[in-house]
Structure formats: structure tokens, C-alpha cells
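The block underneath contains the structure these notes are about, expressed in C-alpha cells.
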């Protein structure tokens with residue numbers, strides 16, 4: 001007996017130990033699973049934080065303020081070489097040399113490295129001749145036109161021949177100024193030259209001179225394509241010059257400009273009236289001019305004027321400390337001036353403007369010796385710096401915009417480093433309407449590149465943000481009702497056998513690559529919809545009506561017929577109804593289009609409603625992206641509805657509620673958190689979609705709610721333009737900023753969605 005008891009105790013002990021071992025093993029697995037899931041969640045959060053940190057790191061330099069700092073002060077020796085006041089300072093591309101021209105027609109070449117004069121020469125003119133006007137062109141070469149008090153006009157080119165990197169490790173440059181068109185004057189006026197302008201565009205050079213008495217002369221040089229130039233590309237190009245003296249007169253015009261299109265000459269007379277002359281008319285000797293009193297009617301007196309780079313707008317500085325940007329247009333026999341924006345540089349008078357050669361930056365000096373740098377596109381002050389020295393006589397900004405050079409009355413030179421890598425970026429340029437050059441009104445525009453070398457960057461994120469929301473809206477307009485209604489029917493009314501076939505089939509749609517959907521939408525769906533536009537409209541209207549009609553008619557079928565269909569399988573009867581109604585809508589659309597719209601509904605939409613039709617538009621995106629979003633919304637919403645405890649619905653039915661009452665009062669409130677989550681996840685998928693909108697839209701960054709117009713989204717824009725950006729450039733960082741905006745928007749939407757979902761869950765909790 002004792003032995004049997006011992007055996008039983010041993011077996012029980014063994015079973016207890018096995019149970020303990022299995023429990024410890026399960027606990028170990030649970031701990032391992034918990035740790036793995038926790039690490040995965042922490043890893044995801046860490047990845048998101050690192051992604052956000054990197055985006056902020058790349059975007060931050062866009063909003064770092066510009067800086068101007070003094071570098072060096074020197075007096076070039078020998079000082080006797082500078083015999084009079086400077087009329088022109090010009091810095092080379094590498095910011096190594098300065099070309100100085102003084103009033104006595106003396107050239108001085110200054111080496112910024114050694115801070116000394118390395119070369120001096122004088123213009124080939126009479127000793128008594130003095131420079132009365134000078135103009136600098138920033139075309140293919142650094143070319144300047146020089147006007148003398150004797151009426152002569154000469155062209156001089158400043159050239160800087162750079163050798164390859166020598167063994168010493170420093171670049172060797174051989175600066176010089178040359179007379180590419182001869183040492184003789186280009187033309188000679190009968191009076192002193194008071195105003196001068198030169199512009200080089202392609203194979204054409206325009207030089208305009210205004211005499212002291214208002215006489216205007218125009219010289220046009222056209223490059224000749226000769227065989228010698230083809231055999232020796234290094235040879236100087238040959239130009240054929242045509243000099244014309246016009247009968248037009250403008251009094252007291254010391255500021256003369258040529259627009260960027262080489263169509264008009266502008267002159268600001270002594271009364272601050274701006275006058276415009278047609279270049280073609282000047283060539284023909286005409287005297288016709290167009291004038292405007294808009295600048296003269298301003299409260300301030302003009303103290304200086306500069307044409308902004310590109311020759312599309314005029315910058316005017318007055319004695320009230322203001323700088324106005326003026327857009328001009330000559331049409332309908334008049335000169336139209338529009339003051340686009342005004343910069344308040346100081347409360348004291350200004351006296352000198354200087355525009356940069358490659359950016360829409362303008363520098364100005366006031367009478368207190370404070371230099372202010374503005375960007376017209378960003379519409380903001382970039383930086384300020386008090387200049388060193390008394391009485392600044394001349395200043396210039398390097399071609400790259402990174403160096404400022406000034407000369408004081410005492411002959412002292414001062415250099416300043418300008419650090420402004422992204423001057424065209426500001427909050428207003430990104431999110432507000434901007435009045436760009438060549439546009440009739442302020443607008444939201446995204447145009448990151450242009451065909452010309454000089455253009456105004458347009459980095460407005462509003463069209464991209466609008467396009468993102470527009471694409472998501474039309475996609476959700478199609479997907480949300482279909483997916484949610486389908487989930488309600490499948491999860492509550494459909495027979496289990498049919499549900500087991502339908503739900504996996506819909507979820508299988510989610511496995512289709514978005515690039516394939518975009519490919520089909522762009523190359524098949526878009527042309528099909530364009531050819532059958534009226535049929536698609538009829539289909540959208542006819543399908544719901546047909547389905548409702550068939551559902552109502554089913555209720556009047558004989559009882560034997562209705563009971564012959566198993567409960568929950570009624571939806572299968574709608575398949576042939578949908579097919580027949582679709583065929584009918586597409587078949588009758590052609591005759592109706594010919595009868596009602598003259599055979600072309602697209603032309604009717606444009607002529608009668610003013611709606612332009614693009615082949616790839618928001619409607620195509622709605623169909624294609626809605627097809628991609630439906631499986632996500634359907635799957636999550638259907639699971640939420642199907643997992644509502646059956647005892648709740650059974651209890652409701654037992655208490656006398658109808659199935660529809662049970663659905664609306666019990667099932668949907670309990671499943672509302674899941675349905676809401678499904679909609680938010682679907683919306684997030686639509687916002688971040690790339691390939692479908694990239695291939696199914698025209699990718700035109702416009703702000704138009706029209707369903708027949710395309711759009712460009714943030715995600716698609718990043719995919720399109722990332723390969724063409726310069727690393728660390730403004731375009732590159734703005735693309736990262738758009739990614740940050742997309743990230744922040746998605747995060748905000750998901751956060752709000754989670755808060756709403758939690759509130760719904762607490763409200764309809766079983767507890």
C-alpha cells in the first residue's frame with residue numbers, strides 16, 4: 001500500500017513539475033514576444049524621430065538669416081594712380097581682381113589677394129577727355145560701355161584668363177581689359193554722353209546713349225558666323241554694327257535701361273518721368289515714345305535706379321528711404337507701370353543702388369553709410385551692415401553674390417563677406433501669393449526651373465498642397481461610400497459562404513502594385529474616359545438608380561422566387577444588373593452626345609461652362625486611386641463590423657428591433673471606431689500616394705477645383721524633381737521641406753484620428 005502511494009505521489013510530482021516547466025516555457029515565450037514587439041515599436045518610433053530630425057536638419061538652412069561681415073580694409077598703392085573719383089568697380093568671377101575705372105578714363109586692376117594695383121592703363125582718348133557715363137553688361141562676357149564728355153562711346157571687355165591648377169596648388173589668373181571691337185569709338189555723339197545702357201543677349205549687343213541735350217543714338221551689333229570662328233573657337237567673335245541716330249529727345253536722362261527682351265529702351269528724365277522707346281523705332285529714326293508719370297507722382301524724389309537682373313523690372317530708390325519695384329509693360333500705345341512691392345530700407349535718404357548679376361537681390365546704401373540687402377521674390381530684408389569709411393563713392397557685388405566691395409572718398413577699400421545661400425526663400429514666398437515678373441497679378445506658382453539662365457525661382461508650396469488634398473478628396477469621394485457600404489453588407493447581411501469568397505477577393509486587390517494601377521489609369525483608363533465621357537457620366541448616375549430599382553423590385557417578386565435564393569446571397573443577383581446597366585449606359589451615350597452636344601461634349605464643356613478638359617485629370621485619379629484605397633477601407637471596416645459580438649445583435653432582434661434598426665442603433669455605433677480608423681488610414685494612403693497620381697495626372701501645379709483639370713501632389717513632385725536638383729541647393733532643400741510638410745500633415749491627421757477613435761471606443765465600450 002505504501003509502495004502504491006509512493007508511486008502515485010511520484011507520478012503526481014512528475015506531472016506537477018511538467019506543468020511548471022510548461023508554464024515557465026510559456027512565460028519565457030510571452031516575455032520574448034513582449035520584448036520583440038516592444039523593440040519593434042521602439043524601433044519604429046526611433047526611425048520616425050530620426051527621419052523627422054534629418055528632414056529638419058536639411059530644411060533648417062533655408063531659414064538661417066543672411067550675414068554680412070567685414071573682411072579686409074586696405075588702400076591700394078600707389079595712390080597716385082587713382083587720380084579721380086571712381087565711376088565703375090567690377091569684380092571678377094573668382095573674386096580675385098577688381099577693375100576700377102575713374103572719371104579721368106584711367107583703368108586700375110587691383111589684386112584683392114595682395115591688396116595692390118597690378119596693372120594700370122588709360123583709355124585711348126584725349127588727355128582732356130573724362131568719363132561722363134558708364135554701363136556694365138552681364139552677358140556672355142563682362143562688357144562695359146563708356147561714354148565721354150567729348151561724345152565718344154567705347155566698348156571695353158574685362159577678361160580673366162585662368163590657367164589650370166598648377167603644381168603649387170593655386171589658380172593662376174591673367175586679368176586684362178581688351179578692346180574687342182577696336183580702340184576707336186563705336187560712335188561719337190555731338191554732345192557729352194549723359195546716359196548709357198548696354199545689353200548682350202545671344203548673338204546681339206545693344207548700346208544706347210543719351211546726350212546732354214537729349215539726343216538718342218542706338219548701336220546694334222550682330223555676331224557674324226564665319227568659317228574662321230569655326231576653325232578657331234578661341235578667336236574673338238566678329239560683329240556687324242548698325243548705328244542709328246533717332247529724332248527722339250529726352251531731357252536730363254542720366255539713367256537709361258534696355259529691357260531683357262531687347263524691345264524697348266527706358267529713360268528716366270529729370271522730372272522722374274519714365275519714357276519708353278521702341279528699339280525698332282529708334283533704328284528707323286523715329287521719335288515715338290511712351291511715357292508714364294507713375295514714378296513722378298510718388299512722394300519721394302528718385303535718387304538712383306537699377307534694372308533688376310533679367311531686365312523685367314525696375315528698382316527705384318528715393319530720398320524717403322524706400323525702394324520700389326516696378327513692373328513695366330508697353331502695349332496699346334501706352335506705358336503701363338505697376339508698383340509690385342516697396343522695401344523700407346531706412347528713414348533717411350538713399351543714394352546708391354546695386355543689383356546682383358545672378359539673383360533677384362538688390363543692395364542699397366543710405367546717407368548714414370548703412371548697406372541693406374533685399375530679395376524681391378522673398379519680399380524681405382536679408383541683412384544690414386554699417387559700412388566702414390566716410391563717404392562711400394562706389395560699391396559693387398561679386399558675380400556670385402558673396403562679396404561686397406566699397407571705396408570711400410579717401411581711397412580706402414573695404415571688402416565684406418555676404419553669406420546668403422537661400423535668399424529667395426521666405427514664408428511669404430512659400431505660402432502666400434507672390435507677384436512674379438511677367439505675371440499680371442500675384443499668384444501661387446511652382447516653377448523650379450526655366451529655359452533661360454536668369455529666371456525667378458517660384459517655390460510656392462500651395463499648388464502642391466492643394467493638389468495633394470484635391471487628389472485625396474476625389475479618391476475618397478469614390479472609395480469611402482463604396483468601401484464602407486460594401487463592408488456593412490459583407491459583415492452583417494452577407495451569407496458566410498459568400499463572405500468567405502468576397503472578402504479575400506477584395507483584399508487581393510490591395511496586392512496590386514500602385515505603379516501598375518497608375519500605368520493602366522494613364523494609358524488605358526484616361527483615353528477610354530475621354531472617348532466615352534458622356535457614357536461615364538451616365539454610368540455614374542445610372543448604376544445607383546439601377547441598383548436601387550432592382551432592390552425595390554426584388555421585394556415585389558413572388559414569395560417562392562425570393563425564398564428560392566438562400567439568405568445572404570441576394571447580392572449575387574446584382575452582378576448581371578450592373579453589367580447590363582453599364583453596357584446600356586455606354587451604348588446609348590454616343591447617340592445622345594451627338595443629339596445633345598453636337599457630337600463633342602468636351603467642346604461643349606469648354607464653350608458653355610468654361611471647363612477645360614485634360615485627358616489626365618482629377619476624375620481619372622479618383623477612379624484609379626479610389627480603386628487602390630477601397631481594399632484598405634473595406635478590410636478594416638468589415639472586420640470592425642463582423643467582430644461586434646453576436647449576442648448584441650441577437651438581443652436587439654429578440655427585443656423586436658428590425659435588422660436595419662439593429663444595424664443603425666447597435667452594430668454601427670459599436671464598430672464606429674474601426675470604421676473611422678479605416679477611413680483615416682485610407683485617407684493617409686491617398687495623401688501619400690505617388691505612382692498613381694504621377695502617371696494619371698498632368699502633373700501641372702495649378703490650383704483649380706475643376707474635376708477635369710489635373711494637379712501635382714507633394715509626393716509626385718518629390719519623385720519627379722529629386723533627380724534634377726543640386727545637392728544642398730534651394731530647390732533641393734525646398735523638396736525636403738515639402739516632404740516635411742507631408743510628414744507633418746500625415747502625423748497631424750493620424751493623431752487627430754487616433755484621438756477621435758479612442759473617444760468613440762470609450763463611448764461605445766461594453767464596460
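What to note about this one:
- Cα-based helix-to-principal-axis angle, 618-642 vs the chain, degrees rounded to 10: 40
- Taking the C-alpha atoms only, the angle from helix 574-597 to the longest principal axis of the chain is near 40 degrees.
- Sorted by Cβ neighbour density within 10 Å, fewest at the top, the residues 187, 592: 592, 187
- For segment 213-369, the equivalent ellipsoid derived from the alpha-carbon gyration tensor has semi-axes of 32, 21, 13 Å in decreasing order.
- Segment 462-724, relative contact order [Cα under 8 Å, separation at least 6], %: 39
- Tail beyond 21 Å, pair distance distribution of segment 528-675 (Cα, percent): 65
- Radius of gyration and maximum dimension Dmax of segment 343-493, Cα, Å: 24.6, 95
- Each of residue 410 and residue 560 was given a label point 7 Å from its Cα along the Cα-to-Cβ line. The distance between the two points is 11.9 nm.
- Across segment 339-429, the mean sequence separation of Cα contacts (distance under 8 Å, 6 or more residues apart), normalised by length, yields a relative contact order of 23 percent.
- Contact order for the chain, expressed relative to its length and based on alpha carbon pairs under 8 Å spaced 6+ residues apart, stands at 9 percent.
- Summarising the overall dimensions of the chain from its C-alpha atoms, the Rg and Dmax are 38.1, 144 angstrom.
- FRET efficiency for residue 32 and residue 342, using Cβ-Cβ distance with R0 set to 51 Å, rounded to 0.05: 0.15
- Fewest-first sequence of 85, 194, 420 by Cβ atoms within 10 Å of each Cβ: 85, 420, 194
Every read-out reported here was derived from the displayed coordinates using simple, explicitly stated rules and does not represent laboratory data. Predicted model, so just to flag it, every value in this text is computed and none were measured. A quick note on method: Cβ atoms are made from the backbone with ideal geometry, for glycine too, and the neighbour counts reach across all protein chains shown.
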